[in-house]
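Reading through the structure tokens given below for one structure.
The values are calculated or read from the model by the stated rules, or taken from the named source; none is laboratory data. Every value quoted in this text rests on a predicted model; they were computed, and no experiment measured them. Here the Cβ is made from the backbone with ideal geometry for all residues, glycine too, and neighbour counts use every protein chain on show. Just the protein is used for accessible areas: all its heavy atoms, side chains included, with ligands, DNA and RNA removed. Shrake-Rupley method; radii C 1.70, N 1.55, O 1.52, S 1.80 Å.
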Amino acid sequence: MIKQLWAFWRTLRDSLRDLAPIFIVIGFFQLVVLQQPIPNLGQILVGSVYVVLGLTLFIRGLELGLFPIGESMAYAFARKGSVAWLLLFAFALGFGTTVAEPALIAVANEAAQVAAEGGMIQSDNAAQADYAFGLRLTVAISVGFAIVIGVLRILKGWPLHYLIMGGYLGIVIMTAFAPESIIGIAYDSGGVTTSTITVPLVTALGVGLAMSIKGRNPMIDGFGLIALASLTPMIFVMGYGMLLA
């Protein structure tokens, strides 16, 4: 119990240290540059406390739950020796974590609203919901595909830079042919997939798998899944836009 409390206090201290520059910058520009009092100071202080506590609890949750379970399942699948089940798990993990990603949900809803206002789709709620869901589904499938490719890379020892360069070459080519209205959404989709839910589990999977396979270096082979998960949504979303055009 004392050990857990000490670990929580250490994480809380680190959260305060990490968030301190943000608070300092906001306070400096508000008080020194704008020379105005901070509006709703009490509410902002309460919100700041919530942010610090939320970040602390989130990090402790990763350390206690998500990272260990991701690594342990990677070990278990490696010991089982079934590549098919491992790849199925990799796809399901990438798909499941991405489709529930809060940042992706927000971007998809915003994109649907803007598409309705621009006349690309009908302005009723059903059409917007279908558009947003289709976008989320496309991104989630693309991340699942990326994790499968990343796991195969770890198993086979493929160089990461060839996959990245080839992927971005494809993105550049597709950008020339994709509808202008989807390009920005596609590029942003690559960023929102690497957020609070997806990154911890995917990183734990890659590191755990690299540690469990003889001849693989966790530092060299265990990382890189997130890069692939950022790349494939751009390709898939631009393809999604071409199909809708």
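Details
- Residue that is under 20 Å from Val207 (Cβ atoms), open to solvent by less than 60 Å² (accessible area, probe 1.4 Å) and touching a residue at least 24 places away in the same chain (Cβ under 8 Å), where the choices are Ala90, Ala76, Ala100, Ala7: Ala90
- Put simply, of Val107, Val33 the only residue that is β-branched (Val, Ile, Thr), open to solvent by 30 Å² or more (accessible area, probe 1.4 Å) and under 25 Å from Val139 (Cβ atoms) is Val107.
- Qualifying positions in the range 145-169 - touching a helix residue (DSSP H, G or I) at 6+ places or on another chain (Cβ under 9 Å), small (Gly, Ala, Ser) and exposed (fewer than 15 other Cβ atoms within 10 Å of the Cβ): Gly157
- Complete set of residues in the range 221-245 that are open to solvent by 10 Å² or more (accessible area, probe 1.4 Å) and not in a helix (DSSP H, G or I): Phe223, Gly224, Ala245
- Screening the range 120-199 for helices (runs of 4 or more DSSP H) wholly inside it with 2 or more residues that are closer than 26 Å to Ile213 by Cβ returns the ranges 125-156, 160-177.
- Only listed residue being under 21 Å from the mean Cα position of the chain (by Cα), farther than 15 Å from Ala92 by Cα, open to solvent by less than 40 Å² (accessible area, probe 1.4 Å) and not β-branched (Val, Ile, Thr), chosen from Ser189, Ser142: Ser189
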